[in-house]
Amino acid sequence: MRFLPGVNAGASSQESGERFWLVREYLPEAAAFDDTRAVPVGRLAALLGGARQETVPVPHDCTDGFAAAYWRRPHAYLDPHVRAGISLLAQTGEDVIAPGLARLADDLASGRWHARHAGLLALDTVDVGYRLLVADL
């Protein structure tokens, strides 16, 4: 993306897996796979000549469909159509993420997920590690 007088680029920090409940608790394999391909945000910032990092909070009603878009709507991750639009999950593969999704389904059915994440339900936004890099040219 380019907006004069500088350059803006989106990125996610590799700590995002540690911040996002889906990856941390249910799908760490997806984060491990993604980490093999990701360029660290600090390196990207350096390549852009010392770009500054700005936090990009994710709203609870986000409609973009990226990995953390449904952070407050956990049932969405059980929908194969939703997962197909999330590169982190689609590229990791159903066979790898199926056990974690089964645990998520069980936790949702039993109420464990809601008990563990009750605090999230009151939030309007969360920081799960998405960053906007802004570099002046």
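Observations, loosely collected:
- Amide H within-cut-off set for residue 126, under 5 Å, with H built and near neighbours excluded: 58
- Principal semi-axes in Å for the stretch 49-113 [√(5λ), Cα gyration tensor, largest first]: 25, 16, 11
- FRET efficiency for residue 61 and residue 137, using Cβ-Cβ distance with R0 set to 41 Å, rounded to 0.05: 0.75
- Contour excess over end-to-end distance, with Cα ends at residue 110 and residue 82 and 0.36 nm allotted per residue: 7.8 nm
- Calculated from backbone phi, Karplus (6.51, -1.76, 1.60) coupling profile of the stretch 81-93 in Hz, x at Gly/Pro: 5, 5, 4, 4, x, 10, 4, 3, 8, 4, 7, 6, x
- Burial order of peptide ranges 112-125, 56-69 (average beta-carbon count within 10 Å, highest first): 56-69, 112-125
- Rough spin-label spacing in nm, given labels placed 7 Å along Cα→Cβ, for residue 54 and residue 121: 3.4
Values in this text are rule-based calculations from the coordinates and carry no lab data. Not measured: the values here are computed from a predicted model. Quick reminder, even Gly has a Cβ in these numbers, built from the backbone with ideal geometry, and neighbours come from all protein chains shown.
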